[in-house]
């Protein structure tokens, strides 16, 4: 997945976490609703100034806003999980199992 799509998904994720509509966020950062939509879908990439406005609107550090490592295609995430499991020792596998089970159940 390309960078502008990942960043768009991250911005959308933070917007939804704050229970804001696209229009509300667009107003907070001073852009048109259509521009906000294009950023969230990955059609447009925000300027550095706009990225700073997003961080301020969400009340997060820039590094937190730009943390997009978890936004990946499911197939890529599954391969990464499999890699982690393949390299884990018995104790780590048991701990991973407990963590996953507590989240899924």
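The values are calculated or read from the model by the stated rules, or taken from the named source; none is laboratory data. Worth saying up front: this structure is predicted, and the values here are computed from it rather than measured. Neighbour counts run over all protein chains shown; Cβ positions are idealised from the backbone, glycine included.
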- Query: Which one of these is over 15 Å from the mean Cα position of the chain (by Cα) and modelled with pLDDT of 90 or more: 80, 49?
  - Reply: 49
- Query: Quick check, is residue 67 under 13 Å from residue 11 (Cβ atoms), surrounded by fewer than 13 Cβ atoms within 10 Å (Cβ to Cβ) and either outside the structural domain of residue 23 (by TED's automatic domain parsing) or in contact (Cβ under 8 Å) with a residue 40 or more places away in the chain (or both)?
  - Reply: yes
- Task: Could you list all residues from segment 18-49 that are crowded, with 17+ Cβ neighbours inside 10 Å, within 17 Å of residue 3 (Cβ to Cβ) and free of Cβ contacts under 8 Å to residues at least 40 places away in the same chain?
- Result: 38, 39, 40, 46
- Message: Of everything in segment 1-41, what is within 22 Å of residue 70 (Cβ to Cβ), at pLDDT 95 or above and not in a helix (DSSP H, G or I)? Give them in sequence order.
- Response: 18, 19, 20, 41
